[in-house]
Amino acid sequence: MTESGASSEPEVVLVLDFGSQYTQLIGRRVRELGVYSEIVPFSTPVDRIRARRPRALILSGGPRSVYEEGAPRCDPAILELGLPILGICYGVQLMAHFLGGEVAPSDRREYGAAQLEVIGESPLFAGLPREMTVWMSHGDEVRRPPEGFRILARTDRSIGAIAHPERGLYGVQFHPEVAHTPYGREILRRFLFDIAGCRGQWRLSAFIESTIARIRKEVGSGRALCALSGGVDSSVAAALVARAIGSRLIGLFVDNGLLRKGEFEEVLHAYERMGMRVHGVRAGERFLHRLRGVTDPEQKRKVIGAEFIAVFREEAVRLGPIEFLVQGTTYPDVIESTSVRGPSAVIKSHHNVGGLPERLGFRLIEPLRELFKDEVREVGRQLGVPREILERHPFPGPGLAVRVLGEVTPQRLAIVRAADAIVVEEIRRAGLYEQVWQAFAVLLPVSSVGVMGDERTYEQTIAIRIVSSVDGMTADWVRVPYEVLERMANRIVSEVRGVNRVVYDISSKPPSTIEWE
Ligand code: XMP
């Protein structure tokens, strides 16, 4: 199921990725306008691009200089395909460089908001104000456009946009995809619809229907297995496949003894309400047994991963012949590992079941492979996946084991689980749960002196970690109101036996990570 879900909808726009931090955003914006888009590595061979029959191409930005050795370059033949092309930042510089224009370092780096002045008439800016704010982020610029190109817009420092309308080649130095370019969406709309002739009929609902039909056809009368984690991706993937093949999809939800308080029951119950056939497997003891004496974080992950595979394999055998395995791989998982680093890079496999498909001879179904996270949520919403699953904070596969620093014992797990429940309860009560990326407790391997009543205590420390993030790649600590932190700390110390001190983690990522291990 790795073919495009839009294969029955031929309208696709390819975004060539030259490494910009905004590449994914370009893909999103195009889809928001109803045009299916895919991000492909800049090195994609021209034949492969032609075979995909795109309506248009967008060349993304990127951090390098086009004239630098080793800078990412697409095949210049791409410009000869006769397709409308929009180059953004590095993309326009590369276009200019290939076609004989001049690209050079700017006298001063242009970064942030700039005033763009539109010159003359062009479909790219038709009906828009002659002056607008745009977002710039470049060290190089197109000094002289290639022959046959016109300058469409300028800032007081640089050329803002160029075009060769007869060839359908357009380029902008600024970033239309970011929110700081207020008319950016309109500019993209004009490129896609007025210049490239797109119709904009791609909708998630159509994606859902065509995916369900495709899964039905592929699976036939076969059966599929899905390892569920209670998280958004695996749950939505399973819901989609269940819609296609009903109870021939079997979900597996493993209690590895490292889940949060009440999680096993709550999640199973939610799946039940969705009408999905899910086996809950209580395997906590065997995981904890394997974790005895293990303190190294990576070793913990390995032990848990291996044990998960063992459980999964046993269950798969027990459940009888199953041909297909459903995974909730999403688009960022796919492109993070394939884009600029090149097609040879390994595609990230699902944390928990990596390597399983090959070993057990499964055929893979990855129905979300083409979707971004918020599209996955929307699909979930349309399929009736409960909100409590869709809005659930991400939770690492190795669970609470990486939030108990040092050895994982039942006693230490009980402490972190109780403290974690308080953190989550209080963040919910403050109405902040859905606004933060994650909120959780970590048990530190540190004891310190305290005093309770008249008694001196020597007990353990809980760290509270609450972060905001867009994708988990970077994160910031949340400025939670003191009163909320106070309630959390008071409750943890008074309700959780063995803890006499609570600290708040004020590190951002980078340089720290979100999890402590
Ligand atoms: P870090 O700690 O790397 O975490 O900043 C980034 C995001 O990934 C989650 N995470 C994991 N998820 N298996 C998972 O399934 C893991 O081993 C794992 N480690 C971290 C983390 O919760 C955060 O959302």
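The table that follows gives values for the structure above.
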| quantity | calculated |
| --- | --- |
| Extension gain from residue 106 to residue 425, taking 0.36 nm per residue of separation minus the Cα-Cα distance | 109.6 nm |
| Calculated P(r) tail over 37 Å for the chain, as whole % of Cα pairs | 40 |
| Given charges at Cβ of Lys, Arg, Asp, Glu: the stretch 403-504 dipole, positive-most of 481, 494, 416 | 416 |
| For the stretch 403-504, fraction of C-alpha pairs farther apart than 25 Å, in % | 21 |
| Span-rule helices in the chain, defined as complete DSSP H runs reaching 18 Å or more along the axis (Cα) with Kyte mean at least 0.5 | 232-245 |
| Ratio Rg/Rh [Cα only; Rh per Kirkwood] for the stretch 450-517 | 1.07 |
| Top positive-direction residue, dipole computed over the stretch 204-390 with Cβ charges, set 222, 256, 334 | 222 |
| Cα-based Rg / Dmax (Å) for the stretch 204-390 | 16.5, 52 |
| Per residue Cα convex hull volume in Å³ - calculated over the stretch 12-195 | 100 |
| Beta bridges by DSSP in the chain, antiparallel share as percent, to the nearest 5 | 50 |
| Gained length - residue 205 relative to residue 128, 0.36 nm times residue gap less alpha-carbon distance | 24.6 nm |
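Values quoted throughout were computed directly from the atomic coordinates according to the rules given, and no laboratory measurement underlies them. What you see is a predicted model; the values in this text were computed from it and never measured. Positions of Cβ are backbone-derived with ideal geometry, glycine not excepted, and every protein chain shown enters the neighbour counts.
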